[in-house]
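Enquirer: Handing you a structure now.
Please treat every number below as a calculation from the coordinates, not as lab data. Since the model is a prediction, treat every value here as computed from it, not as a measurement. Here the Cβ positions follow ideal geometry from the backbone for every residue, glycine too, while neighbour counts run over all protein chains shown.
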Amino acid sequence: MQQRTRWASAPAAGLALSLVTAAVTLSPVSASAATPGIVLTDTGLVRAAAPDANGVTAFKGIPYAAAPVGALRWKAPQPAPAWKDVRPADAFGPACWGTQQPGAPSVAMSEDCLTLNVWQPPRRLGPPKAVMVWLHGGGFQFGSSADPKYDGARLAAQGIEVVSLNYRLGAFGFLAQPELDREAGTSGDFGLQDQIAALRWVQRNIAAFGGDPGNVTLFGQSAGAHAVGLLMSSPQSGGLFTKAIAQSGAFWDSEYGSVPPHAAALAQGAALSKALNAPGLADLRAVPADRLAAAAGSAFFAPSIDGQVLSDSPAAVFARGGQRHVPLLAGYTGAEDFPVFDGRALPHASPQEFYAAAGRLFGASRAAEFARLYPAATPAEAAAQARRLVGDMVIAEQTWELLGLQQRTGGSNVYGYTFTYTSPYSPAPAHVADVPFVFGNLLPQYFAPQAPPAGEADRAFSDTLTAYWTNFALRGDPNGPGLPDWPRYAGPGSKLMNLDAEPSAVTDPDAARLGFLASFRTNGRFPAAWQTAGS
């Protein structure tokens, strides 16, 4: 009663501080359990919409950092301001500024976008729940946590706290600039800093939702999986997660090289400044968001070796055992040749053109080996192998290498997979095809919008993947009652789990092809000459 009277008589300006103090002094679970659907965070109370039919409560659009606008554009994420009233948390925040996702409906974008969402499972009494934090894909250029594929309700119904988040994209998230370096000691990886800030929010606040901050699994797909690998290699991520899942991504190495060094990111930033006629940092911060996004255009602003968030090439960090030593589940699909990658494939109008371009990339001494691994005798075969190669170089090789490096130097259990499931609903094991099955949101697949709706077999397969993923989040092992046995990964050439209609362990089917590509690394990096040899 004394505390309640003190709050009631406090001036309105001091109420937010009282809420923050209460978050520290009261038991987080008891404080939020008093009124279902209302939770006390370290910046104020949030109120969700009503639970769904499964008893899952979704809290959406919670700020985890201040809006990075005005003088905060291209600054490390700052603390979110507290609020004094109960804040509605029933709608997703806007997407961060970037490009529009190819083939997807237009979405509202804003610089005020650093929000996250929490799906709270039913039956909150009992031990704290394991937590899964999702990082969305989109090449660090587009995407948002509001994508219906990423709705966490079905995962949360399994007794897991699910968190998803937005992070800065494109030029807003990854600009490097000399004045920024002088201002903060580094620049170029603000989007990754956002992800770290969101993970710190989880550490401070997830207990209030019934989650266990000591049992957090970081998972993502495509750019989200690359971010998982980058954060595993970052010196700033210690203590923020205890397990990791990487679906189709690892080190953000492109098809023609490794993560750019800081000098390359600075050069890219200088080109943008010139295009905008904005030579100084103050000039750049004054450019309207839509004009900045348009000027960035097709330039690919993405993570670089900034010296703080990323101290070295991730593959080099893993090779020397400097990464997070956490259990890892990772893999790739059977057809990673995403249509967006097609324009980045080697020339392939004929087998001769394809092999000539490959010779410039890999060298004449490896030509015969390359031809055995990527055989093409007709123009159609050359086109197919060029697509396979670019999928390997953008996604599959580094994901495969992540498995081997973590198994060798990471000191934790590793589980690898290849995803080959197909059905009328999902007719190819394409890049992104696994995501609806993991989340249980069997929406139309991007590559087959006219395909029939998901059927009973699709739902059964989705239940299997959801069980594997949530088992891993619970205890670092995907195995469980009624599931085909998933063996631990023992290194290149050992067993992977083939995620098909009837999952089974298989001898690594891609070791020769992906090992060929991996052999070109020196000190964790691909040859600098690849930056021009691919054209």
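Enquirer: For a quick check of your reading of the model, give me the residue pairs whose first member lies in segment 461-485 and is without any contact (Cβ under 8 Å) to a residue 12 or more places away in the chain and at negative phi, whose second is of a type in the set (D, E, K, R) and buried (at least 16 other Cβ atoms within 10 Å of the Cβ), with beta-carbon atoms closer than 6 Å and at least 6 apart or on different chains.
Expert: The qualifying pairs do not exist here.
Enquirer: What helices (runs of 4 or more DSSP H) completely inside segment 142-190 contain at least 2 residues that are touching a Leu at 6+ places or on another chain (Cβ under 8 Å)?
Expert: Ranges flagged: 170-174, 178-184.
Enquirer: When the residues of segment 211-253 are narrowed to those that are surrounded by fewer than 24 Cβ atoms within 10 Å (Cβ to Cβ) and small (Gly, Ala, Ser), which ends up nearest to PRO121 (Cα to Cα)?
Expert: The qualifying residue nearest to PRO121 (Cα to Cα) is GLY214.
Enquirer: State whether the residues of segment 375-394 include one that is surrounded by fewer than 19 Cβ atoms within 10 Å (Cβ to Cβ), within 33 Å of the chain's Cα centre (by Cα) and touching a residue at least 24 places away in the same chain (Cβ under 8 Å).
Expert: yes
Enquirer: Related question: Could you say which residue among PHE447, PHE516 is out of contact with any Ser or Thr (no Cβ under 8 Å at 6 or more places or on another chain), part of a loop (DSSP other than H, G, I, E, B) and touching a residue at least 24 places away in the same chain (Cβ under 8 Å)?
Expert: PHE447
Enquirer: Still on this structure, I have one more. Given the criterion outside any loop (DSSP other than H, G, I, E, B) and of a type outside the set (Asp, Glu), identify the matching residue among THR399, THR422.
Expert: Only one candidate passes the filter, namely THR399.
Enquirer: Being buried (at least 22 other Cβ atoms within 10 Å of the Cβ) and either under 20 Å from ASP463 (Cβ atoms) or of a type in the set (Phe, Trp, Tyr) (or both) is the filter here; which residues of segment 412-424 pass it?
Expert: TYR415, TYR417, PHE419, TYR421
Enquirer: Within the set of pairs 6+ apart or on separate chains, which have a first residue in segment 418-436 that is free of Cβ contacts under 8 Å to residues at least 60 places away in the same chain, a second that is part of a loop (DSSP other than H, G, I, E, B) and of a type in the set (S, T, N, Q), and C-beta atoms under 9 Å apart?
Expert: If the second residue must be part of a loop (DSSP other than H, G, I, E, B) and of a type in the set (S, T, N, Q), the pairs left are TYR425/GLN445; SER426/GLN445; PRO427/GLN445.
Enquirer: Among the residues of segment 488-526, what is the count of those that are exposed (fewer than 13 other Cβ atoms within 10 Å of the Cβ) and farther than 29 Å from SER426 by Cα?
Expert: The total comes to 3.
Enquirer: When you scan segment 86-93, do you find a residue that is outside any loop (DSSP other than H, G, I, E, B), touching a residue at least 60 places away in the same chain (Cβ under 8 Å) and either crowded, with 18+ Cβ neighbours inside 10 Å or on the phi > 0 side of the Ramachandran plot (or both), even just one?
Expert: No: zero hits.
Enquirer: Let me ask you something else. Evaluate segment 158-166: report whether one residue or more is surrounded by fewer than 21 Cβ atoms within 10 Å (Cβ to Cβ) and on the phi > 0 side of the Ramachandran plot.
Expert: yes
Enquirer: For segment 299-352, which residues satisfy the criterion of being among the β-branched types (Val, Ile, Thr), outside any loop (DSSP other than H, G, I, E, B) and in contact with a strand residue (DSSP E or B) (Cβ under 7 Å, 6 or more places away or on another chain)?
Expert: ILE305, THR333, listed by residue number.
Enquirer: On to the next question. Being surrounded by fewer than 24 Cβ atoms within 10 Å (Cβ to Cβ) and in a strand (DSSP E or B) is the filter here; which residues of segment 118-132 pass it? Outline the logic, then answer.
Expert: Initially, segment 118-132 is screened for residues surrounded by fewer than 24 Cβ atoms within 10 Å (Cβ to Cβ), giving 122-128.
The answer is none; no residue qualifies.
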